[in-house]
Amino acid sequence: MLFSLTLIGMACGAISADGQCCGGAYDSVAHSHGGRFRVEATSLTGTGHSSHGPYKFRFRTLRTDPNGKTELVGVFDRFWDNDHHFSMTVCVSPTGNGFALSTSLEKSILFFSPDGTVLAEIGGYTSAAIKHCKTNDSIVRTVYGRTQHGFRHTELWLPLFHITGPETGSAVNGRPVITENIGFKTVQPEEIRWLQRMLTWRPSLGQREAGRVQKLIDEADEMGLVEIGLSALPQLDAKLDTGLVKEELLPLRRAQQEIVRRLCGHRDAWRNLDLLIALCEHPDQSLQECAQNQLQVMLPEGEPTFEWIRQNRDQLKWDTELNVYRPVRK
């Protein structure tokens, strides 16, 4: 039976932190809103004025439970062989898939998984960075940069790393011009439709499509594998798990990377409660409705407001036979 889902006081955002180098490298800590996830950026080459490049930072992602106990999710190091002034902005996703990083030494904004895999990138511009705002607790972040159409500001929906707009151009008569995104590439309609299919995916569909996936792998059909999405990932992973870089495997590697990019690391997107709750605030209404329907199908009957989900999140366990969440009390 479907029920009405009411999300009250939605509080799934991101708080960013800067590591500045006016006087050298500095450690910084960034939290997702609500404190479920945090990223610690620690300088391994010292801090203060004397530590003025090259720069090496260790990024540690941690999950915090309701009792305050932390669990290490992933750790990796990143190095910049440069002695220029250095600043960085870290924005932690509220869905636990990783964090966005922009620095003064790179033109692109990168989204890293907790173990350091680059899941997605905003690049191809003269420059691009995430605007730091200490008081902004929204999952929508401001991205700015210089494009072929001049200096632009736009919006970034963090959990899926979507540029969503609108775009602000140069000021006219003291007022910024709001336009369609012409400098930054927004998420495309066909990708929205693809995401809707991934949100309604089920393991039974993966089983039915296994033969088709194998055929696409044999044919090295990159676009066909991307289109099939979640059903293709297990077999792609198995095929590519040799560690060998072979020419004939490159189309399969690209297909795998494109699927992961579109999902921004949410491999179980169809049953990821954190992602589905966040999607209820996505700018695209069709994705909002799709996420609401998924929550209705997978959560227990009743009237689960956001407050109910927040209070019961850690007691909800996945039932693999029925493909639903059930509250399990200790």
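Each value in this text was obtained by applying a stated rule to the coordinates, not by laboratory testing. Fair warning: this is a prediction, and the values are worked out from it, not measured in the lab. In this analysis, Cβ positions are derived from the backbone assuming ideal geometry, glycine residues included, and neighbour counts consider all displayed protein chains.
Structure summary
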| read-out | value |
| --- | --- |
| Label-point separation, PHE151 to VAL324 (7 Å along Cα→Cβ), nm | 5.5 |
| Charge sum, other residues only, whose C-beta stays under 9 Å from ASP274's C-beta, Lys/Arg counted +1 and Asp/Glu -1 | +2 |
| Relative contact order, percent, the chain [alpha-carbon distance under 8 Å, six or more residues apart] | 14 |
| Within region 104-184, GluC sites (Glu not before Pro) in DSSP loop having at most 14 other beta-carbon neighbours inside 10 Å | GLU180 |
| Three-way shape label, region 14-187, alpha-carbon gyration tensor, a/c 1.5 | oblate |
| Ranked list, fewest to most other Cβ atoms within 10 Å of each Cβ, for ARG261, ARG254, ARG141 | ARG254, ARG261, ARG141 |
| Length added when fully stretched, LYS215-GLU307, from 0.36 nm per residue minus Cα-Cα | 28.5 nm |
| Using distinct alpha-carbon pairs, which all enter the 1/r mean, Kirkwood radius of the chain in Å | 21.4 |
| Percent RCO, i.e. relative contact order, over region 70-112, from Cα pairs under 8 Å lying at least 6 residues apart | 28 |
| Relative contact order for region 269-327, counting Cα pairs under 8 Å that sit 6 or more residues apart, in percent | 25 |
| Rotationally averaged projected area of region 269-327 (alpha carbon convex hull; nm²) | 3.9 |
| Summed residue charge, Cβ within 10 Å of GLY53's Cβ, Lys/Arg positive, Asp/Glu negative | -1 |
| Potential lengthening between LYS317 and LYS131 on full extension [0.36 nm per residue; Cα-Cα distance subtracted] | 63.2 nm |
| Positive-end residue, the chain charge dipole about Cα centroid, Cβ charges, pick of TRP318, PRO159, LEU62 | LEU62 |
| Restricting region 192-228 to GluC sites (Glu not before Pro) in coil, as DSSP defines it, with at most 12 other Cβ within 10 Å | GLU219 |
| Rounded to 10°, Cα long-axis angle of helix 250-263 versus longest principal axis of the chain | 90 |
| Ordering of 305-311, 83-89 by burial proxy (mean other Cβ atoms within 10 Å per residue, highest first) | 83-89, 305-311 |
